[in-house]
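Visitor: Following this message is one structure expressed as structure tokens.
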Amino acid sequence: MMKSFETQLENCLPDLWRYAWSLTRDRDAADDLVQDCVERALRKKILWIPGRPLKPWLTKMLLNLFRDRWRRESKYRTIDLDQIGEVASSSSTVEELLEVKEVWKSLTKVPQDQQEALLAVVVAGLSYDEAAKSLQIPKGTLMSRISRARAKIRNDVEASGISKVRSVK
């Protein structure tokens, strides 16, 4: 049995918020972006094709809203790296918090097209096929962008010396 539009929309909200936060790095801006996305989705519900997954459609809508805002504001809204700990779990160790800060800091150095590809899969939780459709690029291009973004982040984090290999015995 296919879930209703409203049920699918409700189930997508946590992933949409994480994706919005990863784009804006601001809780209030992420809330606004998700709210605008939901409002637009409800207005344009008739354009959605029943039987198809809703998440890629919503993710593309959210990304377009973000891009429109970014163009209007002509700059990224960012969060101070000292505040990144608020987003991390309160049970995180100091080392884990430093690693999270370093990864987010490194992510800002990755080109926007690679950021969007990586965040669509890692944060928004889209499959490669869904992310490629959402970003309107071939799947191979998406995978290449994700690979380059991960390599850049990995190199930056390793160069910082914060992240160390851990083993469990």
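The values are calculated or read from the model by the stated rules, or taken from the named source; none is laboratory data. Note that the structure is predicted; figures quoted are calculated from it, not measured. Backbone-built Cβ (ideal geometry, glycine too); neighbour counts: all protein chains shown. Accessible surface is based on the protein model in full, side chains and every heavy atom, while ligands, DNA and RNA are left aside. Shrake-Rupley method; radii C 1.70, N 1.55, O 1.52, S 1.80 Å.
Visitor: Only residues that are touching a residue at least 40 places away in the same chain (Cβ under 8 Å) and surrounded by fewer than 18 Cβ atoms within 10 Å (Cβ to Cβ): list them for region 124-135, please.
Guide: Gly125, the sole residue that qualifies.
Visitor: Pairs please, first residue from region 3-32 and closer than 13 Å to Thr59 by Cα, second anywhere and open to solvent by less than 30 Å² (accessible area, probe 1.4 Å) and charged (D, E, K, R), Cβ atoms under 9 Å, 6+ apart in sequence or on different chains.
Guide: Close Cβ pairs satisfying both conditions: Leu23/Glu116.
Visitor: Is it fair to say Leu13 is under 18 Å from the mean Cα position of the chain (by Cα), aliphatic (A, V, I, L, M) and open to solvent by 50 Å² or more (accessible area, probe 1.4 Å)?
Guide: On the way: under 18 Å from the mean Cα position of the chain (by Cα): yes; aliphatic (A, V, I, L, M): yes; open to solvent by 50 Å² or more (accessible area, probe 1.4 Å): yes.
Yes: the conditions hold for Leu13.
Visitor: Search region 141-155 for residues being surrounded by 15 or more Cβ atoms within 10 Å (Cβ to Cβ) and among the β-branched types (Val, Ile, Thr), and hand back the single one that is nearest to Lys109 (Cα to Cα).
Guide: Ile153
Visitor: Would you mention how many residues in region 46-64 are over 13 Å from Leu135 (Cα atoms) and surrounded by 13 or more Cβ atoms within 10 Å (Cβ to Cβ)?
Guide: 3
Visitor: Could you tell me whether any residue of region 106-113 is farther than 20 Å from Ile153 by Cβ and either at pLDDT 90 or above or of a type in the set (Ser, Thr, Tyr) (or both)? Reasoning before the result, please.
Guide: Here is the first cut: in region 106-113, the residues farther than 20 Å from Ile153 by Cβ are none.
So far as region 106-113 goes, no, none of its residues is farther than 20 Å from Ile153 by Cβ and either at pLDDT 90 or above or of a type in the set (Ser, Thr, Tyr) (or both).
Visitor: Looking at region 62-73, is at least one residue modelled with pLDDT under 70 and not β-branched (Val, Ile, Thr)?
Guide: No - not one qualifying residue is present in region 62-73.
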